[in-house]
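Novice: Just dropping this structure here.
The values are calculated or read from the model by the stated rules, or taken from the named source; none is laboratory data. The structure presented is a predicted model; accordingly, all values stated were derived computationally and were not measured. Note that each Cβ is placed from the backbone with ideal geometry, even for glycine, and that neighbours are counted across all protein chains shown.
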Amino acid sequence: MDYSPFADPQTNKRQAIAALFALHDYPDTAKFLNAEEKHEVLRRLESDRSALADEFSMHLAAQALKDWKVYVHMLLNNGIYTSLYSISLFLPTIIKGLGYTNNSAQLHTVPVYLSPASAASPWDSSATRGKSAVSSS
């Protein structure tokens, strides 16, 4: 039987209780920040959300629904994620149908993901950063 740290309910409960004390929901509650750091974090949060509305407005929702770019974005995301998840979920089953065992079928899915990543990595460079670590050149 494979061991998973998420399978034990007692471990999950201990992690949840630890998260209550370790994670802070706002800089004011973070005890590890001094007053100057809290002020800086609050300033950054405020500048980051400066263009966002504070309340929900039907007028703004109607404006968003009238914008053609929202629908193009939805279609593009649907096309990208449908093909991505189709390959991710069914490729091991297809490879297993070719006669490979479970573990071998999982390993044979790696080249399908590795080849586009290695082909695209040379384009992930600039004059300041240089070539990517994944690139073979």
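Novice: I'd like to check something: does segment 39-47 contain any residue that is in contact with a helix residue (DSSP H, G or I) (Cβ under 6 Å, 6 or more places away or on another chain) and outside the structural domain of Tyr113 (by TED's automatic domain parsing)? Before you say what the answer is, go through the steps one by one.
Specialist: Keep residues of segment 39-47 that are in contact with a helix residue (DSSP H, G or I) (Cβ under 6 Å, 6 or more places away or on another chain), which gives 41-42.
Restricting the remaining residues to those that are outside the structural domain of Tyr113 (by TED's automatic domain parsing) gives 41-42.
Looking through segment 39-47, at least one residue is in contact with a helix residue (DSSP H, G or I) (Cβ under 6 Å, 6 or more places away or on another chain) and outside the structural domain of Tyr113 (by TED's automatic domain parsing).
Novice: Quick check: anything in segment 66-73 in the same structural domain as Val112 (by TED's automatic domain parsing), out of contact with any helix residue (DSSP H, G or I) (no Cβ under 9 Å at 6 or more places or on another chain) and within 30 Å of Thr109 (Cβ to Cβ)?
Specialist: yes
Residue by residue, here is whether (1) in contact with a Cys (Cβ under 7 Å, 6 or more places away or on another chain); (2) at pLDDT 65 or above; (3) assigned to a helix (DSSP H, G or I) holds:
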| residue | (1), (2), (3) |
| --- | --- |
| Thr82 | no, yes, yes |
| Ser86 | no, yes, yes |
| Leu89 | no, yes, yes |
| Gly99 | no, yes, no |
| Pro116 | no, yes, yes |
| Ser121 | no, no, yes |
| Val134 | no, no, no |
| Ser137 | no, no, no |
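Novice: Go through (1) out of contact with any Pro (no Cβ under 7 Å at 6 or more places or on another chain); (2) surrounded by 10 or more Cβ atoms within 10 Å (Cβ to Cβ); (3) not assigned by TED's automatic domain parsing to the domain that holds Tyr113 for Ile94 and report which single condition fails.
Specialist: With (1) out of contact with any Pro (no Cβ under 7 Å at 6 or more places or on another chain); (2) surrounded by 10 or more Cβ atoms within 10 Å (Cβ to Cβ); (3) not assigned by TED's automatic domain parsing to the domain that holds Tyr113 applied to Ile94, the lone miss is (3).
Novice: If I go through segment 21-46 residue by residue, how many of them are in a helix (DSSP H, G or I), of a type outside the set (D, E, K, R) and at pLDDT 85 or above? Talk me through it step by step, then tell me what you get.
Specialist: Residues of segment 21-46 in a helix (DSSP H, G or I): 21-22, 27-29, 35-46.
Applying the additional criterion that residues be of a type outside the set (D, E, K, R) yields 21-22, 27, 29, 35, 39, 41-42, 45.
This time we only want the ones that are at pLDDT 85 or above, so: 27, 35, 39, 41-42, 45.
Of the residues in that region, 6 qualify.
Novice: Any idea which residue in segment 8-53 is farthest from Ala64 (Cα to Cα), counting only those that are small (Gly, Ala, Ser) and surrounded by 10 or more Cβ atoms within 10 Å (Cβ to Cβ)? Reasoning before the result, please.
Specialist: Of all residues in segment 8-53, those small (Gly, Ala, Ser) come to 16, 18-19, 22, 30, 35, 47, 50-51, 53.
Imposing the further condition that a residue be surrounded by 10 or more Cβ atoms within 10 Å (Cβ to Cβ) reduces the set to 18, 30.
Numbers: Ala18: 40, Ala30: 36 Å.
Checking each candidate, the answer is Ala18.
Novice: Being more than 20 Å from the chain's Cα centre (by Cα) and exposed (fewer than 10 other Cβ atoms within 10 Å of the Cβ) is the filter; apply it to segment 65-90 and report the residue that is nearest to Asn102 (Cα to Cα). Full working, then the answer.
Specialist: Initially, segment 65-90 is screened for residues more than 20 Å from the chain's Cα centre (by Cα), giving 65-72, 90.
From what is left, the residues that are exposed (fewer than 10 other Cβ atoms within 10 Å of the Cβ) are 65-66, 68-69.
Working: Leu65: 46, Lys66: 49, Trp68: 45, Lys69: 43 Å.
Once the filter is applied, the top-ranked residue is Lys69.
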